[in-house]
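The values are calculated or read from the model by the stated rules, or taken from the named source; none is laboratory data. Computed from a predicted model, the values in this text were never measured in an experiment. As a convention, Cβ positions derive from the backbone with ideal geometry for all residues, glycine included, and neighbour counts pool all protein chains shown. For the accessible areas, the whole protein counts, side chains as well, though only heavy atoms, and no ligand, DNA or RNA atoms are used. Shrake-Rupley method; radii C 1.70, N 1.55, O 1.52, S 1.80 Å.
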Amino acid sequence: MRRADGVGRMNAKLLPLLVLSLLFLSLPGLAQSEEYTLPGGNYNNLGLEGQLMMSINVTLINLAPYPKFIVLNPFYDFKIYRRNNGEWLTGKFNETRGKMVYHVSPETMNNTLNYRVGFWIYPYETVKVQFSITEAHHYYIQLKDYRDSCPTNVGLYILRYENGTLTGGEINTYENLNHPICGVAYPQLLNYPLVIRFNEVLPSMDGYIKMLRYEGIVKFKLTDVPDRADDNSTSNVEFPLFFAVSQPVILYNATMTDYQPPYSMKYSDYLNFILGYRGFTTPQVSQEKPRRPSNGLFKLTDSLLSGTTIKKPEVNAPVVKPLDFPIWVVYMGKDVNTLEISYHVEWNNYRG
């Protein structure tokens with residue numbers, strides 16, 4: 001018995017040492033290794049990822065003398081602002097499953113209709129509904145790849161990190177002796193805005209349900225994905241980026257204000273800016289009308305042979321207002337791996 005107790009005490013002393021040894025042996029296995037291929041899943045060949053987020057409060061009214069069930073699209077999170085605010089749905093993208101996972105309030109689940117998620121709006125009732133796309137949705141706007149004169153994506157196209165420190169990568173080349181230079185970098189526009197027509201949804205669905213107004217915030221988060229792994233130490237390699245982006249969405253007929261940060265210029269100005277930046281000029285178009293060669297026949301006039309004057313038909317060409325939108329010219333340098341753009345949107349039925 002004494003011998004057994006002694007062995008037990010010895011094992012008790014060895015156990016902490018054994019655990020510590022195992023911990024030290026396992027430390028290298030805890031090193032976080034990451035590899036980024038340019039372009040990647042949600043980012044372009046500059047490693048840029050553009051995530052859209054929105055929160056819009058919509059005011060609806062039911063002009064019918066009977067209740068209506070409003071069917072909602074679970075693409076958006078929603079929350080109904082009435083009574084105890086107990087009607088809602090939220091979604092989150094599950095990385096493991098590769099799809100959205102939804103959470104629905106008990107009150108909403110108890111008020112479905114035809115297996116549709118939504119809410120009842122009662123006769124002459126006015127209801128405010130919040131529609132949201134949150135960061136948890138992982139909704140990305142695909143940004144265009146950067147292009148230059150080389151036919152392939154020359155330069156770095158794979159980056160490898162260990163615990164936030166760049167350890168290696170791979171480079172693409174263009175095997176052509178005539179091209180030691182592939183171009184001059186300039187801030188290329190990587191996206192164009194999507195147009196959303198919130199105020200045109202209901203008239204085609206129901207004549208009694210009216211949208212009175214909406215207002216909210218739109219956000220556009222730009223992330224330099226490979227540099228996000230960087231620990232921003234002074235000894236590490238940085239990958240500066242130079243590009244331009246537009247606002248992500250235009251809400252049709254809405255007023256859009258309070259751009260943060262302030263945009264660099266409008267799209268029409270950007271076109272002229274790029275020409276000047278690259279040292280090109282806009283070709284001058286001659287205003288002189290070309291003369292038609294004489295063919296020896298009589299000249300056409302506004303009068304017939306009898307002398308009757310013909311009135312010239314008036315052709316009024318439709319005036320198309322060019323779409324102009326804000327542009328941000330961005331330089332991402334040291335320690336700057338993200339940029340968030342936001343702006344306020346507002347529309348009401350009184351203005352149309």
* Asked: Just checking, which of LEU222, LEU166 is under 15 Å from the mean Cα position of the chain (by Cα), surrounded by 16 or more Cβ atoms within 10 Å (Cβ to Cβ) and part of a strand (DSSP E or B)?
  -> LEU222
* To do: Of the conditions (1) in contact with a Pro (Cβ under 9 Å, 6 or more places away or on another chain); (2) outside any strand (DSSP E or B); (3) open to solvent by less than 80 Å² (accessible area, probe 1.4 Å), TYR124 clears all except one; give me its number.
  => (3)
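Okay, residues lined up against (1) open to solvent by 50 Å² or more (accessible area, probe 1.4 Å); (2) small (Gly, Ala, Ser):
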residue: PRO226; (1), (2): no, no
residue: ASN236; (1), (2): no, no
residue: GLN247; (1), (2): no, no
residue: ALA254; (1), (2): no, yes
residue: LEU275; (1), (2): yes, no
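Within the range 303-336, which residues are modelled with pLDDT under 90 and open to solvent by less than 100 Å² (accessible area, probe 1.4 Å)? Let's see the steps before the verdict.
If we filter the range 303-336 for residues that are modelled with pLDDT under 90, which is where we start, we get 303-323, 333-336.
Answer for the range 303-336, where residues must be modelled with pLDDT under 90 and open to solvent by less than 100 Å² (accessible area, probe 1.4 Å): SER303, LEU304, SER306, GLY307, THR308, ILE310, ALA317, GLY333, ASP335, VAL336.
Check whether at least one residue in the range 48-63 is surrounded by fewer than 10 Cβ atoms within 10 Å (Cβ to Cβ) and either modelled with pLDDT of 95 or more or part of a strand (DSSP E or B) (or both), and report yes or no.
No, the range 48-63 contains no residue that is surrounded by fewer than 10 Cβ atoms within 10 Å (Cβ to Cβ) and either modelled with pLDDT of 95 or more or part of a strand (DSSP E or B) (or both).
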* Name the residue, out of TYR161, TYR146, TYR157, that is out of contact with any Lys or Arg (no Cβ under 8 Å at 6 or more places or on another chain) and assigned to a loop (DSSP other than H, G, I, E, B). => TYR146
* Within the range 171-194, considering residues that are surrounded by 11 or more Cβ atoms within 10 Å (Cβ to Cβ) and not in a loop (DSSP other than H, G, I, E, B), the one nearest to the chain's Cα centre (by Cα) -> LEU194
